[in-house]
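Trainee: Below is one structure. I have some questions about it.
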Amino acid sequence: MKILVTGGLGYIGSHTVVELQNEGYEVVIIDNCSNSSTGVLNGIAAITGQMPIFENFDLRDKADVIDFFKRHQDIIGVIHFAASKAVGESVADPLLYYENNIATLVYLLQELVKLKTANFIFSSSCTVYGQADELPITENAPVKPAESPYGNTKQIGEEIIQDTCRVNAQLNAISLRYFNPIGAHPSAAIGELPLGVPQNLVPFITQTAAGLRDQLSVFGGDYPTKDGTAIRDYIHVVDLAKAHVVALKRLLAHSNKTNYEFFNVGTGTGSSVLEAIKAFEAVSGKSLPYKIVERREGDVTAAFADTTKANKELGWQSKSTLKDALASAWKWEQKLRSKT
Ligand code: WQD
């Protein structure tokens with residue numbers, strides 16, 4: 001059974017390819033390598049013993065997308081990760097985000113609706129909730145006006161899929177609203193490869209511990225939280241990857257209740273930035289230099305998931321602790337440094 005993974009050389013995509021192969025699926029990856037490298041293929045193969053089929057092209061090229069589906073008529077499912085995902089960059093260059101995140105989704109769906117049956121999983125984000133009024137956040141929480149073009153592309157993407165499913169009964173789709181993916185595969189054969197200065201907390205922590213950064217800036221110490229720093233739901237990337245396989249199986253077994261569903265995917269536990277730092281110091285044995293500075297524009301105070309729906313309907317729940325995930329991130333960082 002052949003599954004297309006777009007953006008399969010990326011951080012979450014590559015970990016999902018591993019879990020798909022572990023479950024016996026044949027995987028074909030489309031990636032334009034704009035934010036990844038083909039070396040990730042060797043990492044995947046080192047873990048599973050299987051080299052995925054890889055096609056290097058840009059989903060913005062509609063003719064290439066059409067040609068791809070002509071050549072791969074045996075695809076039974078698509079997991080769509082390929083997108084730009086830097087909040088700050090999206091503010092500076094919104095059209096890059098609307099073209100790369102929306103046009104490509106439309107081109108994929110235009111091919112899927114031609115098939116007798118199609119199963120589609122969309123990489124969405126808890127960013128659609130903005131600062132939720134109630135915590136933990138359930139799927140009933142209102143989608144708030146996006147605080148960035150990036151977040152808007154996730155909201156618009158979900159609406160496009162829902163509208164398309166409404167008039168194409170043979171298209172079955174699930175959006176997974178990720179909280180904060182962190183960590184790396186326990187083998188340290190694959191992991192996060194941030195380009196340039198990491199925007200996200202955990203890669204910045206591990207690069208600081210590895211001596212690549214002088215100190216971590218903690219964005220805000222005056223939030224109305226237990227220790228004044230912002231709270232997030234940090235989920236191990238392997239747990240997140242497994243959620244995609246479970247969601248795919250739900251669609252393939254036609255056990256989805258409607259042909260469009262969405263689920264929060266987190267641990268259900270909120271951790272502050274200072275708690276993440278302390279947990280990292282405990283698992284790494286390193287003392288992390290940090291300084292509390294001004295809040296970062298666009299950050300919410302707190303976001304963590306109510307995972308009841310995914311637990312009950314998908315039969316999925318995260319297994320790893322924050323310390324497990326941070327330990328795997330540190331092991332990966334040390335592996336990267338040993339190569340340079
Ligand atoms: C986490 C916390 C920061 C860096 C974003 C996107 C989300 C998803 C994940 C793509 C916040 C603090 C961070 C630093 C810090 N992206 N922080 N110092 O912003 O919750 O989510 O990335 O899929 O859609 O919105 O993640 O890791 O950037 O920040 O203090 O150097 O760490 O303020 O409280 P975020 P993050």
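Only the coordinates and a few stated rules stand behind these numbers; no lab work does. Just so we're clear, the structure is a prediction, and the values are computed from it rather than from any experiment. Every residue, glycine among them, receives a Cβ derived from its backbone with ideal geometry; neighbour counts consider all protein chains shown.
Trainee: Between the stretch 293-339 and the stretch 40-100, what is the C-alpha centre distance in whole Å?
Mentor: When both Cα centres are located, 23 Å separates them.
Trainee: Same structure, new question: Taking the Cα atoms only, what angle lies between the long axis of helix 237-252 and the longest principal axis of the chain, rounded to 10 degrees?
Mentor: 20
Trainee: I've got another one for you. So what's the convex hull volume per residue for the Cα atoms of the chain, in Å³?
Mentor: 125
Trainee: What order do you get for 33, 165 when you list them from fewest to most C-beta neighbours inside 10 Å?
Mentor: Going from sparsest to densest Cβ surroundings: 33, 165.
Trainee: Return the loop-located GluC sites (Glu not before Pro) in the stretch 46-146 (DSSP other than H, G, I, E, B) with at most 12 other Cβ atoms within 10 Å of their own Cβ; answer none if there are none.
Mentor: The qualifying sites are 134.
Trainee: With everything on Cα atoms, drop me the angle between helix 39-48 and the longest principal axis of the chain, reported from 0 to 90° to the nearest 10.
Mentor: Long axis of 39-48 versus the principal axis of the chain: about 80 degrees.
Trainee: A follow-up question, please. At a Förster distance of 41 Å, what's the computed FRET efficiency of residue 335 paired with residue 167, Cβ-Cβ distance as r, to 0.05?
Mentor: Efficiency, rounded to the nearest 0.05: 0.30.
Trainee: Full extension from residue 288 to residue 91: what is 0.36 nm times the residue separation minus their Cα-Cα distance, to one decimal in nm? Could the numbers behind the result be given before it?
Mentor: Working: separation 197, 0.36 × 197 = 70.92 nm, distance 3.06 nm.
So the extension gain works out to 67.9 nm.
Trainee: Please report 40, 218, 143 as a ranked list, fewest other C-beta atoms within 10 angstrom at the top and most at the bottom. Could the numbers behind the result be given before it?
Mentor: Numbers: 40 25, 218 21, 143 15.
Ranking 40, 218, 143 by Cβ neighbours within 10 Å, fewest first, gives 143, 218, 40.
Trainee: Given a Förster distance of 22 angstrom, what is the FRET efficiency for residue 53 paired with residue 110, based on the Cβ-Cβ distance and rounded to 0.05? Intermediate results must be reported in sequence, preceding the final value.
Mentor: On the way: r = 22 Å, r/R0 = 1.00.
Result of the calculation: an efficiency of 0.50.
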